[in-house]
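Notes for the one structure printed next.
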């Protein structure tokens, strides 16, 4: 039992930390957000140079065989910097599907392209009626001439408007809520019948509503086993959940530091406001909540790759509950302790608060995951 | 990073678990599970079983009876003991005065008291708090005047847990009334049979009398009973209060109580033929505290891991985080344990063990509400949660 990083992991932490500190201050981030894709092309190319885009992939495909710990390190640093680039969408989600379920040809073609920064992906799975239920898939892919024809609507597709390829969940068999009969397809967003409406999200990222109308897919578009994609989706979503937990911890830690710093500089009534006990205790409660979130992120990271689906799901769900609750407490109190300045768009605190809050809505919020843990019999087993 | 125990640690856990399964007397275990009050003889009996096994004071130096276990092993031992569930050794001896004597006592004190603590020949109690000195402990007034080879002690201590059983009390006393408040305090070991000591019970709202007032009226204490140097007692008290870093979270206790809660929820009717465990809202309340506890367990393991790397021998302010969260979780569980029996939380049944009357309602209901009221103490004792927040604010946040 240890929480130590290896020497390589420590170096990675150092270099990503430095990258974020040097290249992602608040002013630079504002400029990146104004680029056409909503993030920086130059930064993306730089991540590829540093090997970050290949981190979780096998070495022979241009990666470095990183574990979920490496992903956690990167995501925590990206949370600190409120990084805008589509790392989660491309490397963790899209890359996760290719890594775990892609055919040899798909892996050979696409994974090196991700690692080199030439291919951006987005995962289109949420539908208007599905909320957080991954098996609730109304989009259909009808077999036709060896391939499929895709019809349906996907919503809030993270970075869906800048992706070179979409990975789309669609029903190939069964009724709209069946756990079987879901398949995954690789779709070119420029294909006939694909309509994409991109938009900014409240936390400064980009997403899209995407429609598919009789989109023709070749036989090589299928990713993984037909009708049996749900376990793979769960696995990739669990890994992505662990990743956003780490991102949230990075954002919360930075926000907490910002707040404590403010308490040490802001004067009212002739004294530093950090000398007021009521504010000190609030800052302590934020720290306690942050440390609890960090602990659960470690747990989620350790479980992210587990083949034991039931155990992995309940621990990841537990972590997501903790993250959601901590993000509310840390975020709300950070704004309160800052007072008026915390409300402004010019100041960084609100941006951390917004990202941490939106992470709660990704892959199931605290209430959703609490219900999963409760239905699963909780966490404490009989001895 | 690897959160699994090593093969050796798992083997150790199994060994410890097997020992508790066979060595813990069933009637003591039953009282623990049912949340009934333990008698002095239960605590003494269990401590002597541990001592015979050589596990009375695992965290002490080996030369004084410690086991030389790693911090991880200590953690496993403690957690398994709490989950057995076995009584915790009387902390006033093994975790408080014992480590102070080891660190600051003289040879005579070590040779006399340490073996007796291990085998609980002396029942120790703690004389820190006074009526006017709670969180502001250093304002204490109980005085000790040097008269030749004796001190004469006058004053009053309060909230003295289980003083009614005690043979010895360790006290903070004011030995130099002229010095600044932290600087005139000494640490004395006092025989409870000394003439001039009176113990008066304080009945708490749950109906129990586990705490007391202790009065000192011209009590003669040999100078040989002074620990360390005169007027340095505050340093020893700080050492004592910060000594126990991780046990403070009581994760094992909370796990055991949660298991009990789920057992009772499966038994308790919820109306309409359902059981409490079928109630989705109640189950989510349980799940929510289980998640908090899992996070605390991980936080505790982080502190244990840091301790193992030997980062510092000083009290870790992270233990204040463990105290705050651990106490909140225990209190929430005690609330749910009261809630689970619904209306049968209400009958007051203080002396079930000694009576022939059948219990009113389910036989497990009696102690649940009193325990809820009694456990409010957890966020007050050992430095209230507000004091812990002050510590974190200063030591970690630099405010």
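Read-outs throughout are calculated quantities, based only on the coordinates presented, and are distinct from any laboratory measurement. Here the structure is a predicted model, which is why all the values come from computation and not from measurement. Virtual Cβ from ideal backbone geometry, glycine too; neighbours counted across all protein chains shown.
Quick notes
- All Cα pairs of region A:271-329, percent lying beyond 18 Å: 46 percent
- Between residue B:2 and residue A:129, the simple spin-label model (points 7 angstrom out along Cα→Cβ) gives 4.9 nm.
- Sites residue A:46 and residue A:26, calculated FRET efficiency, Cβ-Cβ separation with R0 22 Å, nearest 0.05: 0.75
- Dimensionless Rg ratio for region B:214-265, taking C-alpha atoms and the 2.2 N^0.38 Å reference: 2.03
- When restricted to Cα atoms, region B:245-395 yields an Rg and a Dmax of 18.1, 57 Å, respectively.
- Mean separation of Cα contacts under 8 Å, 6 or more apart, over the residue count of region B:245-395: relative contact order %: 28 percent
- Placing dummy labels 7 Å off each Cα toward the beta-carbon, the span from residue A:227 to residue A:179 is 1.6 nm.
- Label point at residue B:202 placed 7 Å out along Cα→Cβ; residues across region B:148-183 whose backbone nitrogen lies under 14 Å: B:156-164
- Taking region B:44-76 and a reference point 7 angstrom along Cα→Cβ of residue A:1, the backbone N atoms nearer than 15 Å belong to B:69-76.
- Restricting the calculation to alpha carbons of region B:7-89 gives Rg and Dmax of 12.8, 38 angstrom.
- Between the Cα long axis of helix A:230-263 and the first principal axis of chain A there is an angle of about 20°, rounded to the nearest 10.
- Kirkwood radius and radius of gyration were both taken over the C-alpha atoms of region A:150-280, and their ratio Rg/Rh is 1.23.
- The modelled label-to-label distance between residue B:152 and residue B:335, using points 7 Å beyond Cα along the C-beta direction, is 5.2 nm.
- Relative to the longest principal axis of the Cα atoms of chain B, the long axis of helix B:318-339 makes an angle of roughly 40 degrees.
- Set of region B:40-55 residues, backbone N closer than 14 Å to the point 7 Å along the Cα-Cβ line of residue B:27: B:40-46
- Considering region B:56-140, its Cα convex hull presents a mean projected area of 7.1 nm².
- Taking the longest Cα principal axis of chain A as reference, the axis of helix A:7-23 is set at about 80 degrees.
- Cα-derived Rg to Rh of chain B, Kirkwood definition: 0.97
- Rounded D (µm²/s) - the protein assembly as shown, Kirkwood Rh over Cα pairs, Stokes-Einstein at 25 °C, 0.890 mPa s: 84 µm²/s
- 222 nm mean residue ellipticity, helices alone, for chain A (DSSP H n ≥ 4; -39,500 (n - 2.57); rounded to 500): -16000 deg cm²/dmol
- Principal axis dimensions, chain A - Cα atoms, whole angstrom, descending: 78, 53, 41
- Which of A:185, B:215 has the fewest Cβ neighbours within 10 Å, and the rest in rising order: B:215, A:185
- Remark: relative contact order (region B:7-89) = 36 percent; criterion is Cα-Cα distance under 8 angstrom and separation of 6 or more residues.
- Listed residues A:114, A:273, A:92, most fluctuating in chain A (Gaussian network, C-alpha, under 10 Å): A:273
- Over all pairs of different C-alpha atoms, region B:124-231 has a mean inverse distance whose reciprocal, the Kirkwood radius, equals 13.8 Å.
- 20 °C / 1.002 mPa s Stokes-Einstein diffusion coefficient of region A:96-165, Kirkwood radius on C-alpha pairs, µm²/s: 153 µm²/s
- Overall dimensions of region A:86-235 by Cα: Rg and Dmax, Å: 14.0, 43
- Förster radius 35 Å - calculated FRET efficiency between residue B:381 and residue B:14, Cβ distance, rounded to 0.05: 0.55
- Where N is the number of residues in region A:7-120, Cα Rg divided by 2.2 N^0.38 Å: 1.04
- Rg(Cα) / (2.2 N^0.38 Å) computed for region A:230-383, rounded to two decimals: 1.17
- Listed from fewest to most Cβ neighbours within 10 Å, the set B:220, B:53 follows the order B:53, B:220.
- The mean sequence separation of alpha-carbon pairs under 8 Å and at least six residues apart, normalised by the residue count of chain A, gives a relative contact order of 14 percent.
- Residues A:351, A:369, sorted so that the one with the fewest Cβ neighbours within 10 Å comes first: A:351, A:369
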